[in-house]
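Working notes for the structure below.
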């Protein structure tokens with residue numbers, strides 16, 4: 001158990017819908033990262049937050065958005081869902097926001113879009 | 001842009017054998033970290049081993065060791081005395097020391113340890 005929690009574990013929804021994935025980092029970690037793992041694209045970095053501020057952005061679609069709240073938990077919002085958004089979404093956290101800090105991964109949220 | 005390539009989509013060995021997984025990467029950075037992550041059927045991402053590019057000595061963690069060749073941009077993982085619990089997807093990953101703090105992953109190698 002990495003100490004990073006993600007809810008829900010599974011999510012099944014329909015095309016066009018909107019969902020919110022939640023991540024609670026390890027106690028004391030200030031940085032949160034979101035990754036998407038799909039059959040087509042493999043594991044891809046989406047976005048990073050550090051202490052409430054966006055720190056880095058990857059190949060995140062405009063239909064997707066994220067934020068980190070004052071209590072440091074983070075939410076990833078996915079809207080106008082398409083079949084291709086079906087994937088495993090990982091959250092990771094680290095103490096700081098640099099490469100020196102190991103990223104600890106949560107168990108993931110499996111999203112299925114029907 | 002950095003890229004990571006794992007040329008072996010699948011590998012299979014017998015229990016107790018030694019197996020080596022290959023990884024090459026491309027970057028113009030001089031300072032970075034390299035990782036091997038394990039993803040068992042539970043889908044949890046587990047860090048296996050980490051290598052700092054500025055260290056010439058290859059990292060080892062119990063039965064896991066790496067062969068880091070910086071000039072060749074090669075980073076292979078050797079698993080000795082393989083065990084059934086080593087069955088998993090293995091991902092090679094790269095992160096630069098500076099710049100965007102994002103892990104760049106390879107496509108993965110599915111390793112099966114047979115009894």
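Reported count of residues in region B:72-92, each being under 15 Å from residue B:51 (Cβ atoms) and within 14 Å of chain A (Cβ to nearest Cβ), is 3. For region A:31-51, filtered to residues that are modelled with pLDDT of 95 or more and farther than 18 Å from residue B:99 by Cα, the residue that is nearest to the other protein chains (Cβ to nearest Cβ) is A:37. The sole residue among A:76, A:21 that is in contact with a strand residue (DSSP E or B) (Cβ under 6 Å, 6 or more places away or on another chain), under 24 Å from residue B:93 (Cα atoms) and modelled with pLDDT of 95 or more is A:76. Residue pairs whose Cβ atoms lie under 9 Å apart, sitting 6 or more positions apart in sequence or on different chains, and linking a residue in region B:93-106 that is within 10 Å of residue A:98 (Cβ to Cβ) and within 7 Å of chain A (Cβ to nearest Cβ) to a partner that is crowded, with 23+ Cβ neighbours inside 10 Å and at pLDDT below 85, are B:95/B:101. I need the full set of residues from region B:67-115 which are over 11 Å from the mean Cα position of the chain (by Cα), in a strand (DSSP E or B) and at pLDDT below 95, in order please. Hits for region B:67-115 are B:95, B:96, B:104.
Within region A:17-51, the set of residues being under 14 Å from the mean Cα position of the chain (by Cα), farther than 15 Å from residue A:92 by Cα and free of Cβ contacts under 8 Å to residues at least 60 places away in the same chain comprises A:20, A:38. Filtering region B:1-42 to residues that are within 12 Å of another protein chain (Cβ to nearest Cβ), surrounded by 15 or more Cβ atoms within 10 Å (Cβ to Cβ) and not in a strand (DSSP E or B) leaves B:2, B:6. Counting only residues that are more than 17 Å from residue B:82 (Cβ to Cβ) and surrounded by 21 or more Cβ atoms within 10 Å (Cβ to Cβ), region B:95-115 holds 8 of them.
Consider region A:65-114 and keep the residues that are in contact (Cβ under 8 Å) with a residue 60 or more places away in the chain, closer than 16 Å to residue A:3 by Cα and away from chain B (no Cβ under 11 Å). The one that is nearest to the chain's Cα centre (by Cα) is A:93.
Going through (1) within 13 Å of chain A (Cβ to nearest Cβ); (2) farther than 26 Å from residue A:108 by Cα; (3) free of Cβ contacts under 8 Å to residues at least 24 places away in the same chain one by one, residue B:47 falls short only on (2).
The values are calculated or read from the model by the stated rules, or taken from the named source; none is laboratory data. Please read all numbers here as calculations on a predicted model, not as lab measurements. Positions of Cβ are backbone-derived with ideal geometry, glycine not excepted, and every protein chain shown enters the neighbour counts.
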